[in-house]
Every structure is written in C-alpha cells, then in structure tokens.
Amino acid sequence: MSASSHPHDVRPVRIWDLPTRLFHWLLALAIVGLLITANLGGNWMTWHQRLGYAVLALLLFRLIWGVVGGRWSQFRHFVRGPRRVWDYLRGRGQPDDDIGHSPLGALSVLAILGVLAVQVGTGLISDDEIAFAGPLSRFVAADTAYAATAYHKGWGKLLVLGLTALHIAAIAYYRLRHGRALLPAMLHGDKPLPPHTPASADGWRQRALALVVAAACVAATLAVVNLGNP
C-alpha cells in the first residue's frame, strides 16, 4: 500500500542516507560550475579541469555506493527491468516503485551517470591545440583527441544540459501534477511512508564507510590524472 493511499498511517522513513545526499548536491554544484567555467573559458579552464576531476571522483563514489550504500541507494533496489518500467508507465506500478527512485527515475539516474562518465572520459583525452589538453591526451592519437574534444564541446555538453533540464522538469512535474515534492527528501533524507517500509542504514558506521570509499575514489582519481605527468 502506498503512503498516498493512507496519509495518516505513515511515519518518516530514512530513504536517502547522508552520503547519497551529499553526492547529489555536490554533483549538482560541480555540473553548474563546469558549465559556467566552460563558457567563460580562458583562465577559468583550470577550474573547469579541476571540477572535471571532482566529477570523476564523485562518479566513482556513486558506482561503489550503489553496491555498499544505504538500501535505497543500491542499484539492485531501484534499477528495474523493461517490463517493470512499462508497467509503471501504464499506471500498474508496484507498491515500492516510488519509495526511492521510481523505475523511470532510475533510467534518468543511469542516463545522467553514463553521459557524465563519457563527458569526463573525453575531457581526460581531449586536446584543442590552443589552451587545453587533458592529462591523458598524450596516450591517444591526435585524431582521437580532436574527436574527443569535438564531442566534449558539442554533443556531450548538449546531452548534459538536456538531461539536467529533464531532471528539473521531472521534479516540477511531480510537484505540480501529483503534488509530490521530491526535493525535501534529498535534503533531510526522510519520506513519509508506511511503518513497515525498510529504511536505509545511515548511522555512523555507514558514514565512516562512505569516508573510506570517498578517500579511495579521490586517490584513484589522482592516480588517473597523474598518469599523464611525464
């Protein structure tokens, strides 16, 4: 039974653990910063590069956290098969479809992570022969570096903008059409749900694990970047 069916038989349930919430907002800030610095160009490209490294570390973190994180942050608890997505679109969803990410929302999450991964990857090997060269550009052929640069500045940027706009539009749609505010739960972590709903672990052990994972992801990112140093 969904929370909306019995609004008085609900209680706050921790759905988004603190590490997931921090990831979400740090990634949002990084994307905004990347778009701004890319448009400003010039000396701002140094910050553009640093923010790109930050996104790489965040993506690595999310991939690992999707396995060991809180229940509703784990991919196995929100990534659905085609039939489940189709049923959801036809209004025949399951009771747990809207606890964390909905089946449709899960596709959006995977799309954003995938597009950002390609964007970061092309940034690492890009070379515009003017003022910017990715740290790994020396490991690829010149034609590959130029193609990566063209994609990164063109289609890649447009896809990031498009998915970001779609994400914001979906939040607005759920708020205006269904009266469901999605943002508050990503701020404080809780959703009003039936008492039997399993919660995501979010205690000090989980947060300590997140710090270890984050440190490992930062170290891995630095290792990748330093590969390009002669």
- Task: Could you please let me know if Arg207 is in a helix (DSSP H, G or I), basic (Lys, Arg) and modelled with pLDDT of 95 or more?
- Result: yes
- Query: If a residue has to be in contact (Cβ under 8 Å) with a residue 24 or more places away in the chain, among the polar types (S, T, N, Q) and over 24 Å from Leu227 (Cβ atoms) to count, how many in region 14-73 make the cut?
  - Reply: 2
- Note on the structure: Exactly one of Ala215, Ala148 is crowded, with 17+ Cβ neighbours inside 10 Å, of a type in the set (A, V, I, L, M), within 28 Å of Thr122 (Cα to Cα) and at pLDDT 95 or above, and that one is Ala148
- Query: Restricting attention to region 157-165, does a residue exist that is closer than 24 Å to Val67 by Cα and among the β-branched types (Val, Ile, Thr)?
  - Reply: no
- Message: For region 60-79, which positions are under 25 Å from Gln119 (Cα atoms), crowded, with 18+ Cβ neighbours inside 10 Å and either modelled with pLDDT under 95 or of a type in the set (Lys, Arg) (or both)?
- Response: Arg62, Phe78
- Note on the structure: The correct count of residues that are touching a residue at least 40 places away in the same chain (Cβ under 8 Å), in a loop (DSSP other than H, G, I, E, B) and more than 14 Å from Gly100 (Cβ to Cβ) in region 183-204 is 2
- Select, from Arg80, Arg50, the only residue that is of a type in the set (D, E, K, R), in a helix (DSSP H, G or I) and more than 15 Å from Ala216 (Cβ to Cβ). Arg50
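For residues that are free of Cβ contacts under 8 Å to residues at least 40 places away in the same chain and out of contact with any Gly (no Cβ under 7 Å at 6 or more places or on another chain), tally how many sit in region 119-134. Steps first, answer last, please.
Taking region 119-134 and keeping what is free of Cβ contacts under 8 Å to residues at least 40 places away in the same chain, we get 121-122, 125-130, 133.
Checking which are out of contact with any Gly (no Cβ under 7 Å at 6 or more places or on another chain) leaves us with 121, 128-130, 133.
The qualifying residues number 5.
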- Task: Using the structure shown, decide if Gly228 is closer than 24 Å to Val115 by Cα, outside any helix (DSSP H, G or I), out of contact with any Cys (no Cβ under 8 Å at 6 or more places or on another chain) and not acidic (Asp, Glu).
- Result: yes
- Message: Regarding region 117-131, can at least one residue be identified that is at pLDDT below 90, assigned to a helix (DSSP H, G or I) and of a type in the set (Asp, Glu)?
- Response: no
- Message: Conditions first: (1) surrounded by fewer than 17 Cβ atoms within 10 Å (Cβ to Cβ); (2) at pLDDT below 90; (3) within 16 Å of the chain's Cα centre (by Cα). Asp87 passes all but one, so which condition is the exception?
- Response: (3)
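The values are calculated or read from the model by the stated rules, or taken from the named source; none is laboratory data. Worth saying up front: this structure is predicted, and the values here are computed from it rather than measured. In this analysis, Cβ positions are derived from the backbone assuming ideal geometry, glycine residues included, and neighbour counts consider all displayed protein chains.
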